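Here the structure is laid out as structure tokens; the discussion comes afterwards.
Please treat every number below as a calculation from the coordinates, not as lab data. If you're wondering where the values come from, they're calculated on a predicted model, not measured in any experiment. Cβ atoms come from the backbone with ideal geometry, glycine included; neighbour counts cover every protein chain shown.
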Amino acid sequence: MNPAFSNAAAALVETGRRFYSRGWVQGTSGNFSAVVSESPLRLCITPSAAHKGMLAAQDFLEIDDQGHPVAGQVKPSAETLLHIEIVRARGAAAVLHTHSVWSTMLSARHRLKQGLAIEGYEMLKGLAGVKTHEHREWVPIVNNDQDMTRLATVVRQVLAGDPAAHGFLISGHGLYTWGQSIAEAERHVEIFEFLFEVVGRVEFGAPGL
């Protein structure tokens, strides 16, 4: 087996356990991928309907640049095409998708605005390239769609239109973010999830404020 694939699968198993323990990928929600070859493009990705808190390295599959498994009959994540679009648009080495309570609520609440602005928080400096809390992060929001080919086209357009974005939300669904490594992508999830909870508590008047 390709060592890059084995290493990516092992790392994403641990990502799944950490994210599940924090309530970000309950049930079979969420999906993760990492690039294991740039030419030809190959991704290590979670299978469809897998519980992310109980993943094993052997559960992962390798897909090509069209989202098709390289070998075997295991079905990849239903949102495989979105991962490929992100990798192509951002040159990402890893893509992580979570389904937290706060991202779900905020993505639905701000759907008509087609995005969520976050600014003034120190934690923004955890996003790659951000140097000041005065940064304004615009998080695009895409309408949910069960037609993945159509949704992938929309995602491609959104990424092209917001080249500075570090992630995007799918309405009523959750967060997609990425990084130049699995570790960076995981850090971006942590930053966004923190910020979503802060913004959500302010907007919804959650206890403790």
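Once you charge only the Cβ atoms, +1 for Lys and Arg and -1 for Asp and Glu, what is the size of the charge dipole of the range 3-204 about its Cα centre, to the nearest 20 debye?
Numbers: 18 positive and 21 negative charges, 46 e Å.
Approximately 220 debye in magnitude.
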Worksheet item: What is the list of residues in the range 45-71 whose amide nitrogen lies under 16 Å from a point 7 angstrom out from the Cα of Ala78, following Cα to Cβ?
Response: 46-52
Worksheet entry | Cβ-defined net charge surrounding Ala71, 15 Å radius [Lys, Arg +1; Asp, Glu -1] | -1
Item to complete: Just order 129-140, 39-50, 183-194, 95-106 by mean Cβ neighbour count inside 10 Å, highest at the front, would you?
Response: 95-106, 183-194, 39-50, 129-140
Discussion item. Within the range 137-162, list the residues whose amide N lies under 13 Å from a label point set 7 Å along Cα→Cβ of Lys113.
Written reply: 137-141
Discussion item. Can you tell me the orientation of helix 80-90 relative to the chain, as the angle in degrees between its alpha-carbon axis and the longest Cα principal axis, to the nearest 10?
Written reply: 70 degrees
Worksheet entry | Between helix 3-21 and the chain: long-axis angle, C-alpha atoms, 0 to 90°, nearest 10 | 40 degrees
Practice prompt. Please order Arg201, Arg109 by the number of other Cβ within 10 Å, starting at the fewest.
Written response: Arg201, Arg109
Worksheet entry | Charge context of Thr104, other residues only, Cβ under 13 angstrom, K/R +1, D/E -1 | 0
Worksheet entry | Computed over the range 3-204: relative contact order in percent, which uses C-alpha pairs under 8 Å that are six or more apart | 20 percent
Practice prompt. Go ahead and estimate [θ] at 222 nm for the chain from helices alone: -39,500 (n - 2.57) per DSSP H run with n ≥ 4, summed, over the residue count, rounded to 500.
Written response: -12000 deg cm²/dmol
Worksheet item: What percent do you get for the relative contact order of the range 78-196 when only Cα pairs under 8 Å and 6+ apart count?
Response: 38 percent
Worksheet, complete the sentence: Once Lys and Arg are counted +1 and Asp and Glu -1 for all other residues with Cβ under 14 Å from that of Met54, the total becomes +1
Worksheet item: What size of dipole, in debye to the nearest 20, comes out for the range 1-65 about its Cα centre when the only charges are +1 on Lys and Arg C-beta atoms and -1 on Asp and Glu C-beta atoms?
Response: 380 debye
